[in-house]
Ligand code: ZN
């Protein structure tokens, strides 16, 4: 029932000093420099957080929960994620999505996997869709998915500027975005259009055109993977200057991707120079998606799989190298994402009444020590305490 976290340094993500935090069931009940509970209150799980930083549970808005890929045929379909892959990465809220393969993967399967992970202890949402337009849905169209299915909070990932996209025209993109907008309004959801950017020469052009030719607000479009090429990233900066939110992808490196790819920390350095702040920046992992490399003729050269752990690894190295402060770094995967997806104040912050989703970091090396999701301790000392239904050691 009660979990009392003592003596940690609280980052809500803003720095709040040394605080005790009292959790009751799945909510945060009290935050105070000193909380003492009466003896007769019943069972209390007390956690000593001395020497730890307490931050909100991470929100990863781009995870291929049931796997993705398939660019090299069925043998390259990537595996589905397991509960502890997420919790060990500090992720307590996840948004699942389909990718290039909307044929052998279905929205129904994605929905079921999201339900399973929710049952296992974390919070899950999904985007309707896959790379293509017209895209994949549960009910037959994206508008009704947003209105009728609680877990659907947006549409994605729709691919543009990529040889694997449906090569959509601007009219197709505007039509889809307007369906998402109205669906989001009627369903009281964020209703974002989460857009995969490939290495194509058009970059963000289609999104800028859609904005020019329609009355849709810029907040409707969320371009992701924008750090995969420096020229694309420069376009993303001007998108951000106009008030749009951009999403970086962890794990991208010049060694593994393109020579002009930017690691998350390098992209953050450029944003810091812009002096516009980081409120319109988020980072996601692309976990369990395929990371294919193609040669100049479009032939598949190699294929890897994305990992949820990389999300914090990339953020952590940006902190250690002094690129961003801890509160700013944590905001990129907590408060900023929650704001974008309209999950605040339930998610993304540590505040009274918010969900009890917390990560305890070792203050020496910023490594993940403890993860609490909806009031339940999922990871202790970096080791999973709770495992998914079919994970080794779980049954
Ligand atoms: Zn993608």
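One table, with the values for the structure above:
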| item | result |
| --- | --- |
| Scope the range 99-118; condition touching a residue at least 60 places away in the same chain (Cβ under 8 Å) and surrounded by fewer than 21 Cβ atoms within 10 Å (Cβ to Cβ); matching residues | 116 |
| Check on residue 257, modelled with pLDDT of 95 or more, surrounded by fewer than 22 Cβ atoms within 10 Å (Cβ to Cβ) and in a loop (DSSP other than H, G, I, E, B) | no |
| Those residues of the range 317-328 which are more than 14 Å from residue 359 (Cα to Cα) and assigned to a helix (DSSP H, G or I), in sequence order | 317, 318, 319, 320, 328 |
| Any hit, the range 358-373, residues being in a loop (DSSP other than H, G, I, E, B), touching a strand residue (DSSP E or B) at 6+ places or on another chain (Cβ under 9 Å) and more than 24 Å from residue 51 (Cβ to Cβ) | no |
| Residues of the range 48-81 that turn out to be more than 16 Å from the ligand (Cβ to nearest atom) and crowded, with 22+ Cβ neighbours inside 10 Å, as a count | 7 |
| Residue 131 within 16 Å of the ligand (Cβ to nearest atom) and either at pLDDT 95 or above or under 20 Å from the mean Cα position of the chain (by Cα) (or both) | yes |
| Search result, residues across the range 154-171 that are closer than 16 Å to residue 249 by Cβ, assigned to a strand (DSSP E or B) and more than 10 Å from the ligand (Cβ to nearest atom) | 160 |
| Filter result (in a loop (DSSP other than H, G, I, E, B) and within 16 Å of the ligand (Cβ to nearest atom)) within the range 89-106 | 97, 98, 99, 100, 101, 102, 105 |
| Filtered residue count, the range 188-242, keeping only those that are assigned to a helix (DSSP H, G or I), within 18 Å of residue 281 (Cα to Cα) and within 16 Å of the ligand (Cβ to nearest atom) | 4 |
| Residue 86 vs. criteria under 19 Å from residue 384 (Cα atoms), more than 13 Å from the ligand (Cβ to nearest atom) and in a loop (DSSP other than H, G, I, E, B) | no |
| Among (1) surrounded by fewer than 21 Cβ atoms within 10 Å (Cβ to Cβ); (2) away from the ligand (no atom under 16 Å from the Cβ); (3) closer than 25 Å to residue 169 by Cβ, the one test that residue 295 misses | (3) |
| Selected residue [at pLDDT 95 or above, buried (at least 24 other Cβ atoms within 10 Å of the Cβ), within 17 Å of the chain's Cα centre (by Cα) and more than 16 Å from the ligand (Cβ to nearest atom)] from 331, 284 | 331 |
| Every pair of residues 6+ apart whose Cβ atoms lie under 8 Å, when the first sits in the range 30-41 and is touching a residue at least 60 places away in the same chain (Cβ under 8 Å) while the second is loosely packed, with under 10 Cβ neighbours inside 10 Å and outside any helix (DSSP H, G or I) | none |
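The values are calculated or read from the model by the stated rules, or taken from the named source; none is laboratory data. Note that the coordinates shown come from a computational prediction; the quantities given were computed from them, not determined experimentally. Positions of Cβ are backbone-derived with ideal geometry, glycine not excepted, and every protein chain shown enters the neighbour counts.
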